[in-house]
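No value in this document is a laboratory result; all are computed from the given coordinates. If you're wondering where the values come from, they're calculated on a predicted model, not measured in any experiment. Because the Cβ atoms are built from the backbone with ideal geometry, glycine has one as well, and the counts that use them run over all protein chains shown.
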């Protein structure tokens with residue numbers, strides 16, 4: 001019998017009660033399971049009714065559908081230095097959503113939902129039917145917690161299969177997104193031999209369509225709840241993380257700005273009126289100045305703060321050539337005419353930032369810093 005533990009946790013007094021109950025059955029009556037639950041073994045049939053009574057007292061998951069009791073989450077940023085999101089909070093919210101739904105969850109007892117707080121696999125998301133791993137995304141200057149969605153990791157017919165990426169979703173929307181995915185699967189499962197077969201046939205398209213309905217996060221001033229992770233009391237941030245901490249999330253954020261620069265440079269090659277060209281150059285300067293700020297533990301909340309932080313952390317620190325000071329100052333003052341006159345400098349700044357990024361090591365340090373440390 002499986003004793004479901006809430007997100008892998010069980011209270012001290014409940015462990016004591018369970019141990020006292022199991023003592024007459026010998027030392028081999030309980031095992032910790034890979035799915036963060038406890039498995040009771042070697043229990044005589046005559047004692048099963050008592051087992052059910054004990055388990056019912058120590059966990060509210062005892063009468064929940066197995067898809068809920070078997071869900072797995074790592075600890076995430078609660079205690080892990082590599083964590084980006086708080087998957088325990090997200091999973092607790094998802095379980096609450098599923099417990100209050102009318103979906104026939106008992107008909108999918110082996111379905112696996114797994115969450116990891118970052119791309120590392122501590123929450124076993126690569127082996128999930130529906131898995132998630134945390135990342136940071138940005139709207140304007142505000143970060144929000146999000147998850148990459150993966151589907152169908154399994155070991156069938158002697159062949160290993162890792163879950164494949166099928167979309168992204170904000171942490172705020174993850175519980176409702178999960179409910180909708182399960183609703184569609186329950187509606188269609190009678191046509192397929194397994195969830196994996198469904199995913200290969202049409203499930204990926206279904207999940208992507210569901211994720212698309214949640215596309216776009218409201219601005220911070222419209223709905224700040226999107227910018228606070230499940231179980232957190234403060235707005236989501238990566239600021240202040242130490243070197244090497246949460247590196248996957250940092251690289252994701254840097255990649256957003258570097259990709260934006262590439263797209264903006266392509267726009268410069270198309271016909272633009274002067275005002276449009278000035279705005280594109282401003283956006284290039286902004287993305288270039290913001291891209292690496294997160295490696296310094298800085299999270300700017302306005303465009304002006306981005307340029308001020310870049311001036312202090314990179315130009316002032318000698319990591320970026322000081323001749324870019326005039327360009328960055330023009331951007332800070334939003335002097336668009338000056339930016340147009342300095343178009344080549346704006347493109348050169350983007351190149352310099354990309355070159356600096358390419359020189360960064362895994363501890364988020366740059367060559368000049370390593371030499372100074374010697």
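So which residue, out of 80, 122, 322, gets the largest mean-square fluctuation from a GNM of the chain using Cα contacts under 10 Å as springs?
Greatest mean-square fluctuation among the candidates belongs to 322.
Does anyone have the angle between helix 174-188 and the longest principal axis of the chain? Alpha-carbon axes, 0 to 90°, nearest 10?
Long axis of 174-188 versus the principal axis of the chain: about 60 degrees.
Connecting C-alpha atoms closer than 10 Å in a GNM of the chain, tell me which of 124, 234, 135 has the biggest fluctuation.
234
Kindly express, to the nearest 10 degrees and within the range 0 to 90, the angle between helix 343-359's C-alpha long axis and the longest C-alpha principal axis of the chain.
Compared with the principal axis, the helix lies near 40 degrees.
Add -39500 (n - 2.57) for each DSSP H run of 4 or more in the chain, then divide by its residues: what number comes out at 222 nm, to the nearest 500 deg cm²/dmol? Intermediate results must be reported in sequence, preceding the final value.
Numbers: 14 runs with 153 residues, N = 374.
Estimated from H runs of four or more residues: -12500 deg cm²/dmol.
Quick one: angle between helix 247-268 and the longest Cα principal axis of the chain, in degrees between 0 and 90, rounded to 10, please.
40
If we count other beta carbons within 10 Å of each Cβ, what is the order of 43, 320, fewest first? Numbers along the way, then the final one.
Values: 43 16, 320 24.
Placing the least packed residue first, the sequence is 43, 320.
Which residue, 336, 349, 52, tops the fluctuation ranking in a GNM of the chain built on C-alpha contacts under 10 Å?
52
Wrap a convex hull around the Cα atoms of the chain, take a quarter of its surface area, and give that in square nanometres. List each step's numbers first, then the result.
Numbers: hull surface 97.2 nm².
Its Cα hull, projected and averaged over all orientations, spans 24.3 nm².
How high is the relative contact order of the chain, given as a whole-number percent (alpha carbon pairs under 8 Å, six or more residues apart)? Provide the component values of the computation, followed by the final result.
On the way: 594 pairs, mean separation 42.1, N = 374.
This gives 11 percent for the chain.
Compute the Cα gyration tensor for region 247-372, then decide on rounded, prolate or oblate, letting a ≥ b ≥ c be the square roots of its eigenvalues: rounded whenever a/c is under 1.5, prolate when a/b is larger than b/c in the other cases, and oblate in all that remain. Kindly include the intermediate steps, with their values, before the conclusion.
Details: a/c = 1.88, a/b = 1.57, b/c = 1.20.
Prolate.
Which order do peptides 168-177, 102-111 fall in by mean Cβ count within 10 Å, highest first? It would help to have the intermediate numbers written out before the result.
Details: 168-177: 21.4, 102-111: 13.3.
The most tightly packed comes first, giving 168-177, 102-111.
If you average the alpha carbon positions of region 247-276 and of region 277-343, how far apart do those two centres end up, in angstrom?
14
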